[in-house]
């Protein structure tokens, strides 16, 4: 099925470069060139055979070390598209270079195809820092509008101060379990040594 | 000052004349602390007198970084976090996550566990819809139905407390099966409940659904067409309320739903237009009856046997990704799990139906009275825990 869709897309959208990724475990998907995502989505929605009329969600995944053989850092944007008429679903993927805070990766918005893309793209921008070109309302959605950074990136570090408040102050941090055990052992050892010393001193006095 | 302006006899113009009055839109903030928004939702409403001209929902007040947490905790450890998304239908959240993981590792679930899972999740659906019925009536100014509904919901919660140890956040459905077996006396209590609830449902329909005031407040209000639902990706009772026959339990069956016999209620526009608030209410009432039907079949079919399948102690998923959808009380929940072959998920994305439905408020609102807008928010039955995750 994925092969057919890839062939269909290559036929309709020139330069789509669609490729079916057959998975050994889990779901297979179709990878397309990121420049043509809008045309690809429009083609999938309009086609008589497929009629993908619902965009369910957009899920971004960060790969700072590249995918598989290819070691270029990328962000993968997954479009979960379904047809409620034909009862089919498909994962459509694009990969864009990861970029940095000043130079966010850019993908064309698909809001003109499905309105659900509006909020889903905002979420993807908020959490992974993918900029959607031609989005009607490009703002953050889950984080505060003046938040810095994109939390679901693998190298994300929370800003230290937000509106005069310390983010994640030291006294509120959980001690990792291992450190906790080490700390307990150290305290026990100290207590034992102190007790031993006290005993010895008591002996000496006698 | 121009004397004719004040006299009122010149061309019908005085200082209170239409040209001098301001007619700007007034911005009203509804929420984040507002009883009618069912949690911490803020809707910025631009009002033209009593009429909503524009509504902009702002979410994120209950964002608890579910997806980021999942990237740091192993597969079993993530289960309690799933509960906390939709805390009114926690069993459904767990079920979706477990099904996704099980599909990846290819575990076979014992029959008894499957029956328990289906039975529990249908009971959860009833509990969730009962809460909706009561709270929706409160939104529209009727207090008594709330007490009736909570009386019945309490019976389900007591039962859940007995079998899982908790009233709301259960951590009961585990990867490979369920945590605890169900006893015969509990089964007979479920049977008793099923008989009782059918009578109660009739009562609610007479008390609330057919009530003149309720019908006036909900019929023809907030109509959502099937095209709009598809466009926004709406699912669950909202989509079915618009007259679309779409239920994942029928269309893409998971667990043992294939073997069970039940109908999918859709909105028919009995009191007004198809897809209005009353239809969404009525669909949920019908769904509870269908759930009772399913539970009864499970009670007849349940088999003796183990309740946990074989799952490796150190759980590692093969490299790959999966997108698993289940039909929850409020719509479709999808988990996109990406694994790099390790003990910890590489990425977990939860597709929440409430998130999708909240995004529809902006389009449904214009032209409604503020009080009717409250009826629309109530009718899509959102839980902000799931919206913000």
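Counting 0.36 nm for each residue step from residue A:4 to residue A:51 and taking away their Cα separation leaves a gain of 15.5 nm. Relative to the longest principal axis of the C-alpha atoms of chain A, give the angle of the C-alpha long axis of helix A:177-205, reported between 0 and 90° and rounded to the nearest 10°. That helix lies at roughly 0 degrees to the long axis. Expressed as an acute angle from 0 to 90° and rounded to the nearest 10, what is the orientation of the C-alpha long axis of helix B:370-379 relative to the principal long axis of chain B? The answer is roughly 10 degrees.
Rounded to the nearest 10 degrees, the angle from helix A:117-128 to the longest Cα principal axis of chain A is 30 degrees.
Each principal axis of the Cα cloud of the protein assembly as shown was evaluated for its coordinate range; sorted largest first, these ranges are 115, 75, 63 Å.
If you run the Gaussian network model on chain B, springs between alpha carbon atoms under 10 Å, then out of B:115, B:61, B:172 the most flexible one is B:61. Note on residue A:65 and residue B:25: the model spin-label points, each 7 Å out from Cα along the C-beta direction, lie 5.0 nm apart.
Cα centroids of region B:311-326 and region A:105-169: how far apart, whole angstrom? If you average the Cα positions of each part, the centres end up 28 Å apart.
Its DSSP H runs of at least 4 residues, each contributing -39,500 (n - 2.57), put the calculated 222 nm mean residue ellipticity of chain B at -14000 deg cm²/dmol, to the nearest 500. Label region B:56-388 by shape, choosing from rounded, prolate and oblate, from the square roots a ≥ b ≥ c of the eigenvalues of the Cα gyration tensor; if a/c is under 1.5 it is rounded, and otherwise prolate applies when a/b is larger than b/c, oblate when it is not. Oblate shape, in that a/c is at least 1.5 and b/c is the bigger or equal ratio. The ranking of B:213, A:81, B:116, B:370 by Cβ neighbour count inside 10 Å, starting from the fewest, reads B:213, B:370, B:116, A:81. With the simple spin-label model, which puts each label point 7 Å out from Cα in the Cβ direction, the residue B:270 to residue A:23 separation comes to 4.2 nm. Restricting to DSSP H runs of at least four residues, report the calculated mean residue ellipticity at 222 nm for chain A, -39500 (n - 2.57) per run over all residues, nearest 500 deg cm²/dmol. So the calculated ellipticity at 222 nm is -10000 deg cm²/dmol. Pick from B:209, B:177, B:367: which is most flexible by mean-square fluctuation in a GNM of chain B where alpha carbon atoms under 10 Å apart are linked? Comparing B:209, B:177, B:367 in the GNM, the peak value goes to B:367. Each principal axis of the Cα cloud of region A:24-176 was evaluated for its coordinate range; sorted largest first, these ranges are 59, 37, 28 Å.
With r as the distance between the Cβ atoms of residue A:179 and residue B:49 and R0 = 51 Å, compute the FRET efficiency 1/(1 + (r/R0)^6) and round to 0.05. In this case the efficiency is close to 0.25. Exposure proxy shown here: for B:117, A:95, the number of other Cβ atoms within 10 Å sets the order, fewest to most, as A:95, B:117.
Taking label positions 7 Å along the Cα-Cβ direction at both residue B:64 and residue A:168, the computed distance is 1.9 nm, reported to one decimal. Work out the FRET efficiency for residue B:303 and residue B:166 from their Cβ-Cβ distance, taking R0 = 35 Å, and round it to the nearest 0.05. Computed FRET efficiency for residue B:303 and residue B:166: 0.85. Among B:266, B:244, B:51, the largest mean-square fluctuation in a Gaussian network model of chain B, built with springs joining Cα atoms closer than 10 Å, belongs to B:51. Distance from the C-alpha centroid of region B:152-167 to that of region A:45-76: 41 Å, rounded to the whole angstrom. Restricting attention to region A:2-166, close to 85% of DSSP beta bridges with both partner residues there are antiparallel. Only beta bridges with both residues in the protein assembly as shown are counted; by DSSP, about 90 percent of them are antiparallel.
Net length available on complete extension from residue B:371 to residue B:150 is 77.1 nm, with 0.36 nm assigned per residue and the Cα-Cα distance removed. For chain A, the relative contact order comes to 13 percent (Cα pairs under 8 Å, sequence separation of at least 6).
Once the Cβ-Cβ distance of residue A:12 and residue B:225 is raised to the sixth power relative to R0 = 25 Å, the FRET efficiency obtained is 0.30.
The numbers here are math on the coordinates, done by the rules we state, and not lab data. Everything numeric in this text was worked out from a predicted model, so none of it was measured. Backbone-built Cβ (ideal geometry, glycine too); neighbour counts: all protein chains shown.
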